[in-house]
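Here is the structure we will look at, set down as structure tokens.
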Amino acid sequence: MTTTTPSERAAERTRSQDPYARITELDTATLAGLAERLETRGRQPGQQRIWQDFLSHANYPDGSRVLDVGCGTGLITQQISGRPGVAEAVGVDPSAYFIDRARRRAPRLRFDVADGRDLPYDDGSFDGVVMATALCHIPSPELAVAEARRVLRPGGTLLVYDGDYATTTVALAANDPLQTCAAATLDRLVHDPWLMRRITPLVAAAGLRPGQLHSHGYVETGSPTYLLTIVDYGADTLAAAGHISPATADALKAEARHRADAGRFFGHIAYATLPATRPL
């Protein structure tokens, strides 16, 4: 009889819960909520500064085509389209809802519905591939990295940017109840919160030449927005599962806002970027 370890069982639960990992199964209301969360994050100046930083780790020759895998509603595809050397930015996502929203957001860019593990493009057809906060949601991420290598031209650049989500915190001290909300959100929304700790050997195993891993920190204090959504989602998730009462969930959300109003809120997520090249 096959047995599994507690960590394997926890990973299996995460796989079954992450809505991004089963995005094609979700109803419109759920998709709209996920899109709003992505766009709330994307509106934050701190996130935009990090995006500019991580995108600067790839240098594209003039006339380059760059593919954004797991593009969501197209926010980073738009950023890529404005980078030096980029002639065409293409976004791809398995969610038709997200792609429709991306097309309405940026009608001059190309967006296709497709899974990053099975890309509908010819070998060597892109000068760059970007995976931005996407790979942590993909079951069997090695398949997506292998597809990225396939569609890259020799000498082309893969840029992986993702959260080291195990670092996510809203705690002010040990046993802070708000941290329970953050943990519940990660359990529900992220397939693999430790992915970036294994990204260098994963990329190398696909036949790409990894560069230096870079770290980026995202902090919200006095006027939190995105990290408040982390608290809210986690509180609602715990209440829906019966772990806490609806009244307790409301109290946790109110506590987060009280801290913000009092100038005592703190939230942090570490992100990381790894550039890699396809050998000539």
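The values are calculated or read from the model by the stated rules, or taken from the named source; none is laboratory data. Quick caveat: nothing in here was measured; it's all calculated off a predicted structure. Ideal geometry is used to build each Cβ from the backbone, glycine not excepted, and the neighbour counts take in all protein chains shown. Surface accessibility is based on the protein's heavy atoms, side chains included, excluding ligands, DNA and RNA. Shrake-Rupley method; radii C 1.70, N 1.55, O 1.52, S 1.80 Å.
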(request) Report, please, the projected area of the stretch 33-74 averaged over directions, based on the convex hull of its C-alpha atoms, in nm². (result) 3.6 nm²
(request) Could you state how much accessible area Val129 has, in square angstrom rounded to the nearest 10, with a 1.4 Å probe and all protein chains kept in place? (result) 0 Å²
(message) With +1 assigned to the C-beta of every Lys and Arg and -1 to the C-beta of every Asp and Glu, and no other charges, what is the dipole magnitude of the chain about the Cα centre in debye, to the nearest 20?
(response) 460 debye
(request) Compute the normalised compactness of the chain: alpha-carbon radius of gyration over 2.2 N^0.38 Å, N being the residue count. (result) 1.01
(request) Quick one: dipole size for the stretch 75-119, taken about the Cα centre, charges +1 on Lys/Arg Cβ and -1 on Asp/Glu Cβ, in debye to the nearest 20. (result) 280 debye
(request) With +1 on each Lys and Arg Cβ and -1 on each Asp and Glu Cβ, and nothing else charged, work out how big the dipole of the stretch 140-195 is about its Cα centre, in Debye to the nearest 20. (result) 300 debye
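Under a 1.4 Å probe, what is the accessible area of the chain per residue, stated in Å²?
Counting only protein heavy atoms, the per-residue value for the chain is 45 Å².
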(request) Please give the calculated 222 nm ellipticity per residue for the chain, where each DSSP H segment of at least 4 residues contributes -39500 (n - 2.57) and the sum is spread over every residue; nearest 500 deg cm²/dmol? (result) -13000 deg cm²/dmol
(request) Select from the stretch 178-280 those trypsin sites (Lys or Arg not before Pro) which occupy a DSSP coil region and have at most 12 other Cβ atoms within 10 Å, ordered by residue number. (result) Arg198, Arg264
(message) Can you tell me how the stretch 32-181 classifies by the Cα gyration tensor, rounded, prolate or oblate, using a/c under 1.5 as the rounded cut?
(response) prolate
(request) Working from Cα positions, state the angle (0 to 90°, nearest 10) between the long axis of helix 96-105 and the longest principal axis of the chain. (result) 80 degrees
(request) Using only Cα atoms, tell me the angle between helix 6-17 and the longest principal axis of the chain; keep it within 0 to 90° and round to the nearest 10. (result) 80 degrees
(request) Heavy atoms only, probe 1.4 Å: what % of the accessible area of the stretch 81-135 goes to carbon and sulfur, would you let me know? (result) 42 percent
(message) Compute the angle between helix 177-189 and the longest alpha-carbon principal axis of the chain, please, reported from 0 to 90 degrees and rounded to the nearest 10.
(response) 40 degrees
(request) Would you kindly calculate the mean projected area, averaged across all directions, of the convex hull enclosing the Cα atoms of the stretch 125-166, in square nanometres? (result) 3.0 nm²
(request) Could you go through the stretch 239-255 in sequence order and give the Karplus-derived ³J(HN,Hα) for each residue, using 6.51 cos²θ - 1.76 cosθ + 1.60 with θ = phi - 60°, rounded to whole Hz, and x for Gly and Pro? (result) 5, 5, 7, x, 6, 9, 7, x, 5, 5, 4, 5, 5, 5, 5, 5, 5
